[in-house]
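Notes to accompany the following structure.
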Amino acid sequence: TVLAAQHGWPVPVWTQKWQSDANYEKLSTFLLENHAWLVPAFGSHNVRSIAHAMAVAEQLGVPPRRYEFQMLYGMADPIKDAIRSLGHRVRVYTPYGELLPGMAYLVRRLLENTSNDSFLRQGFSEGVSEELLLRNPEVVGEQRRKRQTMAVITNNAPQAHGRPSVGFRNEPLADFAREENRRAMSDALQFIRPELGKTYPVVIDNQPVQSPAALDSLNPSHSSQVVGRVGRATPELANQAVASCLRAFDGWRDTPIEERAAFLRRVAEVFRRRHWELSAWIVTETGKQWRESDADVAEAIDFCEYYATEAEKLWHPQHRDVPGEENAYFYEPRGVAVVIAPWNFPLAILTGMTAAALVTGNTVVMKPAEQSAVIGAKLMEVLIEAGLPTGVLNFLPGVGEEIGPVLTQHPDVALIAFTGSLKVALLINEQAAKTPGGQNFVKKVIAEMGGKNAVIVDSDADLDEAVRGVADSAFGYQGQKCSAGSRAIVLEGIYDQFLNRLIEATKSLAVKPAEDPGCAVGPVIDAESRDRILKAIETGKAEARLAYQTDVGPLVNEGYYVGPTVFAEVPETATIAQEEIFGPVLSVIKAKDLDDALRIANGTKYALTGGVYSRSPDNLDKVKRRFRVGNLYVNRKCTGALVDRQPFGGFKLSGIGSKAGGPDYLLQFVLPRTVTENTMRRGFAPEVSEGE
C-alpha cells in the first residue's frame, strides 16, 4: 500500500476485510470448478469461508476426497472436530525449522488473529453472534457502502469531480507487473523499427537546416544497428542559432508568464501521448532498460509540470510599499541560454534544463549529447508540436569539441546550463569567466558534474535491504548515473557477510540487450566508454582483489557490454575508489567503525549523493550531520531522485550548488530587479494609520 502511494499506482491489495473474504470465496469456487486438475486445500479458521467451500463443493458434486482443509496446530480445535465429524479431511500443521523465520510466522499469526476483524477474535473472545459472523461478505460490503454514502449526504460534503487540485504531483511510473504495460512497451519497440536509420537535421527558426555532414547514432545493445543520422552542426550554424535566439528574445521575454507556463504544460501532454514511443527510443538509442526508460519520460513530464508551477509563483512581484513610495521586486530572464545535456538521461535532463530556461523567458540553443541526438530530435518534434514560437529554441546537434567553444564563448550567450563530466564542466566555467569584446555582462554557468558516491553499511544494518540497495545503486543502468553508488563502505564486523551476499546478488543480475524485458544490466553507451571502463577494471586488479566479474559471453561481439564487477579489500586511496568510472564497477571498502566510515565517505573531491543503511537512531543522526553530500539517502538506494521530492544536485566538484527539480532552481535562470516609485504629488497627503 505504501509503495503504491509512492508510485502513484492503484493499491494492488484489498484494504478491507470483507473484500479479502469475498475474494477468498471467489477463488474457492474457481479451484473447486477445476478439481479434475488439482486438489484444492483451504487454509482458514473462518467458519464462513470453510462453510462456503463445503457448500460449493456439494453444489458442484465434488467428491470429499478431492479437497481438504488445513488448520494450525493448537488453534480453533472445536472447528477442526466439527469439520472431521462431517467426513472431511483436515490437515493440521505446525511451523518447524529455524528460529527467526518461525518467530516471524508466529508474530504474523498473532497480528492476524488479534486484529479487530479477525474471525477467531470475534467468535471466540468477543462473542459476536453467529448471524453476524456468517454474513455474506458481499452483503457486508454493500452495507458499508450505504453507510458511507449516507454519511456524505448527512455532512453535505461536496462530491469531487476529476483530479483534485493539490498542486504538483509526480507522474506515475509504469507498473510492468501489469500485462497492458508490458504489451504497450513491446508494441512501441516494434512501432519505431521502421523509423530506424532516419535522418534528423539541425533546426533553426523551426525549419530544418542542412549541414555538410551527419553523425551516426548507434544502438549500444546491437552496435551494427544505426538508430538515426543526425545533422553535424558547424560553427557557422552555431552562430546562426545564437542570432536566431537573440532576435526572438525580446518577444519571448515579454510573453506573459501564464502563456509560457501553458506552453510547458502542453509539452507535458504531448509527452504523455507519446510516452511509450519515447520510452522505446530511449531503450534503443541509450541502452536503458524498460523501467529506466519509462522513468526518464516520466521525469521529463515532471520537469515541465513542476517548473511551470514554480515559474508562476516566482513571477508575481513582491511589494514593500510605504506611504508615498511603492517598491517592487521581480525577476526577468538573463537572455540567450545554451543547454548542453548528457546522454545518460537523454530526455529528462535535456528537457529539465531546457524547460527551466524557457519558462523563465530565456531563449535556448539546445545541444544534446552526440550519443543521444535522436532523442534530442524527438524532443524538438514535441516542442514544435506543442506550439514553439519561431526562434525561441533552436536544435543544434553536433560534436562538442567543434561547436561547444563557439557557444560557450559567444558574446551574446548569457547563460550556460551543463550536465556532464568534471573535465568539460571546468573548461566551460573557465571559458565563460572570460569577457570578450562586445559582451557587456558576466555569463552565468549552471553545472552538474558527477560524483564518486558512497553507501555506508552499518554493523546493525538490515542486510537484505542493504545488499539490494547497494546492488541497485551500483549496477542500475550499468552504473552510468552520476548518482550511482560506486563505493560501499562496510563496517568490519559484517564485511565478509555483506560481501558474500552482495556477490551472490550480483550473480543473479541478467546481462541482456536493453529491449529484452528480462534485462537487469544492459550495455554501456559506446565503445569509448566500454574501453575506458575495462581499463579501469585492469587498474583495479592491481590495486585490490577482484571479488567477482560477470562474463558477458557472446554479447561481447554484439554490443558494448561490461559485466557487473565487484572489488574487495579496496584501499580508500585507490584510483578505483577515488576517480569516477561511470560504469558497473563497485569498490567495497572496509571501515573500523562509523567514524572511520564517514571519514572515508567524505574523502573524495565529489559531494553528490550518498547513502547509509543502519537501524540505530543515534548513528543515523550522526550520518545526517556529518556525511556532507547534496542528496543523502537513508535505508534506500542512492539513485532515483524525483522532481520536487528530492531536488537533485551536489557541491564540491559535483556541482555549483543548484538543485534541479527544487524550489530555487529557476532562480539560476533569472536576474532580480527592483523598481521604486515616488507616489507623492503636490497637494497629495497619504493616509496615515492611527498612532503614526
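The values are calculated or read from the model by the stated rules, or taken from the named source; none is laboratory data. In this text the structure is predicted, and so the values were computed from the model without any measurement. As a convention, Cβ positions derive from the backbone with ideal geometry for all residues, glycine included, and neighbour counts pool all protein chains shown. Accessible surface areas use protein heavy atoms only, side chains included; no ligands, DNA or RNA. Shrake-Rupley method; radii C 1.70, N 1.55, O 1.52, S 1.80 Å.
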Inside region 294-343, can you point out the residues that are of a type in the set (S, T, N, Q), touching a residue at least 40 places away in the same chain (Cβ under 8 Å) and either open to solvent by less than 10 Å² (accessible area, probe 1.4 Å) or over 27 Å from Val364 (Cα atoms) (or both)?
-> Asn327
Complete set of residues in region 78-104 that are farther than 17 Å from Asn46 by Cβ and hydrophobic (A, V, I, L, M, F, W, C) = Leu99, Leu100, Met103, Ala104
Scan region 521-548 residue by residue and report those that are crowded, with 16+ Cβ neighbours inside 10 Å and among the hydrophobic types (A, V, I, L, M, F, W, C).
-> Val521, Val524, Ile525, Ile533, Ala536, Ile537, Ala544, Ala547
Go through region 199-228 and give me each residue that's within 30 Å of Val556 (Cβ to Cβ) and in a loop (DSSP other than H, G, I, E, B).
-> Pro220, Ser221
For Ala577, all conditions in the list (1) open to solvent by less than 40 Å² (accessible area, probe 1.4 Å); (2) closer than 21 Å to Glu292 by Cβ hold save one; what is the number of the exception?
-> (2)
Restricting attention to region 472-518, the residues that are hydrophobic (A, V, I, L, M, F, W, C), outside any helix (DSSP H, G or I) and under 26 Å from Ala341 (Cα atoms) number exactly 3
Name the pairs whose Cβ atoms lie under 7 Å apart, with the first residue in region 31-48 and of a type in the set (Val, Ile, Thr), the second open to solvent by 50 Å² or more (accessible area, probe 1.4 Å), and 6 or more positions between them or separate chains?
-> Val39/Arg66; Val47/Leu134
Could you tell me which numbered condition Phe42 fails, if it satisfies all but one of (1) touching a helix residue (DSSP H, G or I) at 6+ places or on another chain (Cβ under 7 Å); (2) within 28 Å of Ala295 (Cβ to Cβ); (3) not in a loop (DSSP other than H, G, I, E, B)?
-> (2)
Count, please, the residues in region 187-204 that happen to be more than 20 Å from Phe271 (Cβ to Cβ) and either surrounded by fewer than 17 Cβ atoms within 10 Å (Cβ to Cβ) or touching a Cys at 6+ places or on another chain (Cβ under 9 Å) (or both).
-> 7
Of these, Arg108, Arg163, Arg147, which one is open to solvent by 90 Å² or more (accessible area, probe 1.4 Å), modelled with pLDDT of 80 or more, farther than 30 Å from Gly376 by Cα and not acidic (Asp, Glu)?
-> Arg108
Test Ser224 against the stated conditions and say whether it is polar (S, T, N, Q) and open to solvent by 60 Å² or more (accessible area, probe 1.4 Å).
-> yes
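Yes or no, residue by residue, for (1) surrounded by 11 or more Cβ atoms within 10 Å (Cβ to Cβ); (2) in contact with an Asp or Glu (Cβ under 9 Å, 6 or more places away or on another chain); (3) part of a helix (DSSP H, G or I):
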site: Glu25; (1), (2), (3): yes, yes, yes
site: Ala36; (1), (2), (3): no, no, no
site: Ser49; (1), (2), (3): yes, yes, yes
site: His52; (1), (2), (3): yes, yes, yes
site: Gln59; (1), (2), (3): no, no, yes
Filter result for the condition that a residue is at positive phi and surrounded by fewer than 16 Cβ atoms within 10 Å (Cβ to Cβ), over Gly518, Gly438, Gly479 = Gly438
Could you look through region 391-405, keep only residues that are assigned to a loop (DSSP other than H, G, I, E, B) and not β-branched (Val, Ile, Thr), and pick out the one that is farthest from the chain's Cα centre (by Cα)?
-> Gly391
Residues located in region 549-569, provided they are open to solvent by 10 Å² or more (accessible area, probe 1.4 Å) and among the β-branched types (Val, Ile, Thr) = Thr550, Val552, Val556
Report, ordered by the first and then the second residue, all pairs with beta carbons closer than 7 Å, sequence separation of six or more or different chains, a first member in region 474-498 that is within 30 Å of Lys288 (Cα to Cα), and a second member that is in a helix (DSSP H, G or I) and aromatic (Phe, Trp, Tyr).
-> Val490/Phe498
Within region 605-628, is even one residue in a loop (DSSP other than H, G, I, E, B) and among the β-branched types (Val, Ile, Thr)?
-> no
Since Ala425 meets every condition but one in (1) of a type in the set (A, V, I, L, M, F, W, C); (2) open to solvent by 10 Å² or more (accessible area, probe 1.4 Å); (3) out of contact with any helix residue (DSSP H, G or I) (no Cβ under 9 Å at 6 or more places or on another chain), which condition does it not meet?
-> (2)
Keeping to region 244-266, report how many residues are buried (at least 16 other Cβ atoms within 10 Å of the Cβ) and either within 22 Å of Ile416 (Cβ to Cβ) or touching a Phe, Trp or Tyr at 6+ places or on another chain (Cβ under 9 Å) (or both).
-> 11
Residues of region 267-286 being open to solvent by 10 Å² or more (accessible area, probe 1.4 Å) and either within 30 Å of Ser224 (Cα to Cα) or not in a helix (DSSP H, G or I) (or both), which ones?
-> Arg274, His275, Trp276, Glu277, Thr284
Taking Gly102, is it small (Gly, Ala, Ser) and assigned to a loop (DSSP other than H, G, I, E, B)?
-> no
When Ala5 is evaluated against the numbered criteria (1) over 30 Å from Glu299 (Cβ atoms); (2) loosely packed, with under 13 Cβ neighbours inside 10 Å, which criterion, by number, is the only one it fails?
-> (1)
Say whether the condition of being open to solvent by 40 Å² or more (accessible area, probe 1.4 Å) and more than 24 Å from the chain's Cα centre (by Cα) is met by at least one residue in region 626-645.
-> yes
Of the criteria (1) within 20 Å of Glu370 (Cβ to Cβ); (2) of a type in the set (S, T, N, Q); (3) in contact with a strand residue (DSSP E or B) (Cβ under 9 Å, 6 or more places away or on another chain), which one Ser244 fails = (1)
